[in-house]
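What follows draws every value from the coordinates through simple rules; no lab data is involved. Since we're looking at a predicted model, the values are computed, not measured. Here Cβ is always computed from backbone atoms with ideal geometry, including for glycine, and neighbour counts include all displayed protein chains.
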Amino acid sequence: MEGFQVISEKDPSGGEIIWIYWSSIKNLPFHKFWVEAHPFFGMINGTICISPSPTLLQNFSPLFAINKLITFQHACNEQDLASLFQLPLSSTAFIKYQELQNNIQDLEVHIDGNDQWMYTWDNGNFAAKKIYRNLTHHEALHPAYKWLWKCFCQPKHKIFFWLLLKDRLSTRNILRRRNMELDTYSCALCNSLAEESLEHLFLECPFAAMCWNIIQVQIPLQSSLPEIFEQIKDQLDNAFFMESIILLCWVIWTERNDLIFNGIQPRIDCCKARFLKEVNLLQHRVKGPMQNCFDQWIQNLG
């Protein structure tokens, strides 16, 4: 490799940033920069940044190359950048992809100069504990993930809701993004022609709105899913808000599946009965001082 100019500085959160400006990386394999095993790489304004900073990692998630033998020069000259990456891309990943596309368009690759590799710490000496420190840092996440794993729901409900938050639930929208051919990609629960995305199925669909009325919640729109669930938390204002959110989403999902796979028409009274059944099963999982609070919550639901 030839052509890196390396500048080290401190970021506002206290982590160290290694700014690497390249002059000739045309023969460097593209996947060396965008691989899952190396979470320190990000691209900012035509530079590759290696940093343990959670702030930078939060804003610049790694993308994954399909052809691991492609060179960086080939990637820069590719007309359709999307063809280089694994699909599907979630809405968040697509935004990062657009940022990457803009950065590559602004790139200037020079043929002069010499490259050099540097560690992200303050000297060139290798140490296992320094690698460990870099690998075990924590990325800032929305509190909804913490609420999810601390709630009293069954593991199957938690995994389901985690997939929902990560935009990996197999709605018709994500099946289309995976190039799966269906007769229709429209929502099965309403008569509209709206595509069955996560946002539509669980928030925007008229049937979903009626389901949320079971727990007297008005769905706020124009926000990301975690932010919407945080606003629902404020509306519910009780200790079991996350259980309510997860189980209601579960009920909507099971009603959708019953319609598609079993031909059972969705009904609000059936949704409410199923929701209360799932809630009552939580009695066996709630222990200690939360038991009385839980009993009171069930009485209010009934």
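The calculated FRET efficiency for the pair Ile159 and Asn262, based on their C-beta separation and a Förster distance of 25 Å, comes to about 0.65. Per-peptide packing, taken as the mean over residues of other Cβ atoms within 10 Å, places 280-290, 196-206, 239-249, 93-103 in the sequence 239-249, 196-206, 93-103, 280-290 from highest down.
Protection proxy ranking for 126-136, 145-155, 250-260, using the average of other Cβ atoms within 10 Å per residue and placing the highest first: 250-260, 145-155, 126-136.
Computed as a quarter of the hull surface, the mean projected area of the alpha carbon convex hull for the stretch 143-301 stands at 9.4 nm².
As a quick test, which of the pairs Lys233/Lys277; Lys96/Lys166; Lys150/Lys287 have an alpha carbon distance above 18 angstrom in this structure? Distance filter (> 18 Å) returns Lys233/Lys277.
Taking label points 7 Å from Cα along the Cα-to-Cβ direction, Lys166 and Ala194 give a separation of 2.6 nm. A Förster radius of 45 Å combined with the Cβ-Cβ distance from Gln105 to Gln235 puts the calculated FRET efficiency at roughly 0.55.
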